[in-house]
1. Going residue by residue through region 17-31, is there one that turns out to be more than 16 Å from ligand 2 (Cβ to nearest atom), over 28 Å from Phe137 (Cβ atoms), touching a helix residue (DSSP H, G or I) at 6+ places or on another chain (Cβ under 7 Å) and at pLDDT 95 or above?
2. Being out of contact with any Pro (no Cβ under 7 Å at 6 or more places or on another chain) and touching a residue at least 60 places away in the same chain (Cβ under 8 Å) is the filter here, so list the residues in region 82-103 that pass it.
3. For region 170-184, give me each residue that is assigned to a loop (DSSP other than H, G, I, E, B) and acidic (Asp, Glu).
4. Could you check Lys46 against (1) surrounded by fewer than 21 Cβ atoms within 10 Å (Cβ to Cβ); (2) over 21 Å from Asn114 (Cβ atoms) and say which number it fails?
5. Which one of these does Pro84 not meet: (1) part of a helix (DSSP H, G or I); (2) out of contact with any strand residue (DSSP E or B) (no Cβ under 6 Å at 6 or more places or on another chain); (3) surrounded by 21 or more Cβ atoms within 10 Å (Cβ to Cβ)?
6. I'd like the full set of residues that are surrounded by 12 or more Cβ atoms within 10 Å (Cβ to Cβ) and modelled with pLDDT of 90 or more, limited to region 201-233.
7. Being in contact (Cβ under 8 Å) with a residue 60 or more places away in the chain, within 13 Å of ligand 1 (Cβ to nearest atom) and assigned to a helix (DSSP H, G or I) narrows it down to one residue among Val167, Val148; which is it?
8. Only one of (1) under 23 Å from Val183 (Cα atoms); (2) of a type in the set (A, V, I, L, M); (3) part of a loop (DSSP other than H, G, I, E, B) fails for Ala75. Which number is that?
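The values are calculated or read from the model by the stated rules, or taken from the named source; none is laboratory data. Values in this document were obtained by computation on a predicted structure and should not be read as measured data. Neighbour counts are summed over all protein chains in view; Cβ atoms, including those assigned to glycine, are modelled from backbone coordinates with ideal geometry.
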Amino acid sequence: MIGVDVDLASTFLKEGKVVGIPTETVYGLAANALNEDAVVSIYHIKNRPFFDPLILHFANLESAEPYVLEIPEVAYQLGEQFWPGPLTLLLNKNDKIPDLITSGSPKVAIRVPNHPLTLELLSKINFPLAAPSANPFGYISPTRPEHVEKQLGDSLPYILDGGECQVGIESTIIDCTEQSIRVLRLGGLSIQSIEACLGIKLDFKLNENSNPHAPGQLDKHYSPSTSFVLCDNIIEDYEKYKDQNPSLLVFGPFKNPKGITVLNLSEKSDVDEAAKNLFHYMRELDNMKGSLILAMKLPENGLGRAINDRLRRAAANS
Ligand code: TXA
Ligand code: MG
């Protein structure tokens, strides 16, 4: 069932059930993080391996304090500036958090999502919500309630309908537990914004194949079923693959070749608009069941880097 009844969603969560929830980044599969049976259900519904840990969602930074050993100054700075918002912080957990949540790591990922319905929901419960993105493991993340309904609706008693996600890609993940802070996942908050807040330069290698510090960051991820190629020069690649009648995912001013499906992430070259459209358009092209999708690389400014990261993973082993 899909609806906007926050009380009903909170009732299901209190009963240990798994509920679809909206956030500003992507939809989540939420359950009581302190109830291990409920957490196991998340892994089962998503078909996710237990080595891939879950993010905990709180109403605010203060409500996370009882679950962590300490909150370093840098986490306060970032939390105050960007929460609620598309940022996840890794902190040292205490033993109130089940090891199942963190896949045995002493560090826990926490965030305060920026969506009015989910913030209202969090204010009605007295436990954190564990929530991965609400897609089957490895597939494209959902940015609309109908994406969740279509793939996982049968396994969920309720999906809270918060409309279309306003950011459209997952949160940026930062490890705050070490001497120097580290980016574990590029996401909906740009690295430039974080650097401006902290007054330091962050080091992140976009083309690292796998990131051992973020166990879930597998190279092949966000993958459509249709073959997917990320192009440095989409016009040249289109000529090369023309026989396969590819569909195109492009960005900025673009002259569409005749008779070809082209979805434009942002005609006005706005990377934020592109992030919002990204997963929906990837699904649309995948649903057409063609033989090939060609995607254009975006400029690396702002969220462009995080979008390219998603496109590169979608194309991995394709
Ligand atoms: O925007 C988001 O972050 C969304 C919404 C629903 O909040 N959630 C999300 O969760 O993207 P998920 O599970 O699809 O991706 C979370 C990733 C994991 O794959 C893992 O790489 C990393 O976060 N992660 C979570 N807990 C961690 C931990 N304790 N240590 C290292 N990485 C962790
Ligand atoms: Mg995910």
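1. Here is the first cut: in region 17-31, the residues more than 16 Å from ligand 2 (Cβ to nearest atom) are 17, 19.
Within this subset, residues satisfying the condition of being over 28 Å from Phe137 (Cβ atoms) are none.
Within region 17-31 (the criterion being more than 16 Å from ligand 2 (Cβ to nearest atom), over 28 Å from Phe137 (Cβ atoms), touching a helix residue (DSSP H, G or I) at 6+ places or on another chain (Cβ under 7 Å) and at pLDDT 95 or above), the answer is no, since none of the residues qualifies.
2. Going through region 82-103, the residues out of contact with any Pro (no Cβ under 7 Å at 6 or more places or on another chain) turn out to be 82-83, 85-91, 94-95, 97-100.
Residues satisfying the conditions are Phe82, Gly85, Pro86, Leu87, Thr88, Leu89, Leu90, Leu91, Ile97, Pro98, Leu100.
3. Here is the first cut: in region 170-184, the residues assigned to a loop (DSSP other than H, G, I, E, B) are 170-171, 176-181.
Answer for region 170-184, where residues must be assigned to a loop (DSSP other than H, G, I, E, B) and acidic (Asp, Glu): Glu170, Glu178.
4. (1)
5. (1)
6. Those that are surrounded by 12 or more Cβ atoms within 10 Å (Cβ to Cβ) and modelled with pLDDT of 90 or more: Pro224, Thr226, Ser227, Phe228, Val229, Leu230, Cys231.
7. On the way: Val167 fails: assigned to a helix (DSSP H, G or I).
Criteria check complete, one pass: Val148.
8. Against the list (1) under 23 Å from Val183 (Cα atoms); (2) of a type in the set (A, V, I, L, M); (3) part of a loop (DSSP other than H, G, I, E, B), Ala75 comes up short only on (3).
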